[in-house]
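*Asks:* Have a look at this one before I ask anything.
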Amino acid sequence: MWAGAWPGCLQAGGVGSTCGSSSMAAAGGRRAKASRGAAGRRRPRAAVPGAEGRPRAAAGRPVDEEVSSDSEPESPSLGRRRREVAVEEEVEETPQEKKLRLAKLYLEQLRQYEEERAVDEEEEETEPVDLIGDRLKEDVLEQKGQLQRLVAKDVQLPDPTSIRVLRGHQLPVTCLVISPDDRFIFSASKDGALIKWEVESGKRLCVVPGGKKGSEELHMGHASQVLCMAISSDGKYLATGDRNKLIMIWDTATCKRLHIFTGHRDAVSGLSFRKGTHQLYSGSHDRSVKVWNVAENAYMETLFGHQDIITGLDSLSRDCCVTAGGRDGSVRLWKIPEESQLVFSGHQGSIDCIQLINEEHMVSGADDGSVALWGLTKKKPLALARQAHGMQDVQGLQQPYWISAVAALRNSDLVATGSHSASVKLWKCGEGFRKLEPLSDIPLVGFVNSLKFSAAGDFLVAGLGQEHRLGRWWRIKEAKNSICIIPLKQRVAAPSPKAPNGC
């Protein structure tokens, strides 16, 4: 059903022309006359062997001698020499030859990477060819969406004193992302502010404060609640969406606003960059999914299908995205090129959050307290954990804690879920994603509105608030509007031959 896309092969070739000697002589005479009248000088020409005995034109010039003009910028010999140089520099390749060359280059890079890593880990006794073979097998499984690194068993419950709390937002944190190199965190809040944090020091490197409603044109930042954000896989662009229907594009290095996308008719509640590209997907309370090209500041298309507001959105490398449809009770896979969609159902309540684990599996959470594991080839959940965070007493009635955030360590069996149950839960996905087993609880007070694993899997970041990101149904006064960095003590943090760091 899916097929990987190979890079296109570029071919370079010269463009040449052939003229008869008689026509060239006539053209040469005309060009010489026009040039003498216009510029009054000729282009210097290198001596051509064997030209001494050639007949000359009546004007006293060699027949094949040409003078530069606006319509003829260079002589045939000079153009010929340049084409010969170009041919030497760019050798034409067939598609098969280029694929072979790129494959050899990739293998060489892998060999160097694995050898350096083996030296760092003092595992020189393992043959580099075995490391390369393992890595290639994992690359194939990752492309097929079947890769599942078994890292959950190595996770240890972190010491509560080792959890770092970063304060800076005045109102509940609604969303956050981690840069691809795990060095920075970007967070946003109901106060409209955007903050860039340094992971190692916990310092605020940049703050874009929120503005008042109606001040978008005068104020660089958002003038309403920010509900979602996404960062491109190369770390160049940051996208943020707010309740005022706007999507803002930022330069991650300078925190300068680059562009504003308009087009949604209601709050923007989900954003995701397609991995390896600058193509951006957005989901909204107007029930539509839009596709944008951020590099060209261009709108591409709109997709419809959900019967209720879209509450979450995610994507990976393929030209598709998945969305959570709130109270319409559906999760949808959007196939962008085919302009079609697959509908999944299994939750009983409003589906509030979703994330892809790999190209073929995803996890979602709902306000009925359930967490579901999905395979993209099945319309029903592969595994479903009901009342995942327990029950709460609401005006004398027992109701499950809402699942307000989910996160998955890409291509692994480790999942995290958040609620307002005073803890973040870690889960292990069974083989084939057909079972969901609880691992440990991490104490955190407040609504967990966003969760993200670092790319290396060595820490988890949670965005906390006194209120749910989409409303004010409850308020937890003792909670702090903050960012929490949770260290995960696991061996997967240091790459090994069986589990290289390729997420």
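The values are calculated or read from the model by the stated rules, or taken from the named source; none is laboratory data. Note that this is a predicted model, so its numbers are computed, not measured. Every residue, glycine as well, gets a Cβ built from its backbone with ideal geometry; the counts of neighbours run over all protein chains shown. Surface areas here come from the heavy atoms of the whole protein model, side chains and all, with no ligands, DNA or RNA. Shrake-Rupley method; radii C 1.70, N 1.55, O 1.52, S 1.80 Å.
*Asks:* Being hydrophobic (A, V, I, L, M, F, W, C) and surrounded by fewer than 20 Cβ atoms within 10 Å (Cβ to Cβ) narrows it down to one of L258, L271, so name that one.
*Replies:* L258
*Asks:* Restricting attention to the range 226-266, and to residues there that are part of a loop (DSSP other than H, G, I, E, B) and among the acidic types (D, E), which single residue is nearest to V294 (Cα to Cα)?
*Replies:* Of the residues in the range 226-266, the ones part of a loop (DSSP other than H, G, I, E, B) are 232-236, 243-246, 252-255, 262-266.
Pick out the ones that are also among the acidic types (D, E) and you get 234, 266.
Working: D234: 13, D266: 20 Å.
Of everything passing the filter in the range 226-266, D234 is nearest to V294 (Cα to Cα).
*Asks:* Which count do you get for residues in the range 430-460 that are in contact with a Lys or Arg (Cβ under 8 Å, 6 or more places away or on another chain), more than 16 Å from Q156 (Cα to Cα) and crowded, with 20+ Cβ neighbours inside 10 Å?
*Replies:* So the first thing to find is which residues in the range 430-460 are in contact with a Lys or Arg (Cβ under 8 Å, 6 or more places away or on another chain), and the list is 436-442, 445-447, 449-450, 453, 455, 460.
From what is left, the residues that are more than 16 Å from Q156 (Cα to Cα) are 436, 445-447, 449-450, 455.
Going one step further and asking which of them are crowded, with 20+ Cβ neighbours inside 10 Å, we end up with 436, 446-447, 449-450.
Number satisfying all stated conditions: 5.
*Asks:* Output the residue which, of all residues in the range 290-318 that are closer than 21 Å to I249 by Cα and among the acidic types (D, E), is most open to solvent (accessible area, probe 1.4 Å).
*Replies:* Per the criteria, the residue is E296.
*Asks:* Got at least one residue in the range 295-303 being assigned to a loop (DSSP other than H, G, I, E, B) and either more than 24 Å from the chain's Cα centre (by Cα) or at positive phi (or both)?
*Replies:* The answer is yes, given that some residue of the range 295-303 is assigned to a loop (DSSP other than H, G, I, E, B) and either more than 24 Å from the chain's Cα centre (by Cα) or at positive phi (or both).
*Asks:* How many of the residues in the range 339-370 are in contact with a His (Cβ under 9 Å, 6 or more places away or on another chain) and of a type in the set (S, T, Y)?
*Replies:* 2
*Asks:* Another question, then. Quick test of your reading of the structure: Q148 fulfils all but one of (1) at pLDDT below 85; (2) surrounded by fewer than 18 Cβ atoms within 10 Å (Cβ to Cβ). Name the failing condition by number.
*Replies:* (2)
*Asks:* Still on this structure, please answer the following. Taking the stated definitions as given, is D413 open to solvent by less than 10 Å² (accessible area, probe 1.4 Å), in contact with a Lys or Arg (Cβ under 7 Å, 6 or more places away or on another chain) and not polar (S, T, N, Q)? Walk me through it before giving the result.
*Replies:* On the way: open to solvent by less than 10 Å² (accessible area, probe 1.4 Å): yes; in contact with a Lys or Arg (Cβ under 7 Å, 6 or more places away or on another chain): yes; not polar (S, T, N, Q): yes.
In short, yes.
*Asks:* Here's a follow-up. Looking at the range 406-425, is at least one residue farther than 23 Å from G270 by Cβ, part of a loop (DSSP other than H, G, I, E, B), modelled with pLDDT under 90 and not hydrophobic (A, V, I, L, M, F, W, C)?
*Replies:* No, because not a single residue in the range 406-425 is farther than 23 Å from G270 by Cβ, part of a loop (DSSP other than H, G, I, E, B), modelled with pLDDT under 90 and not hydrophobic (A, V, I, L, M, F, W, C).
This table checks each residue for (1) more than 26 Å from F184 (Cβ to Cβ); (2) in contact (Cβ under 8 Å) with a residue 40 or more places away in the chain.
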| site | (1), (2) |
| --- | --- |
| I249 | no, yes |
| G263 | yes, no |
| A298 | yes, no |
| H306 | yes, no |
| I309 | yes, yes |
| T323 | yes, yes |
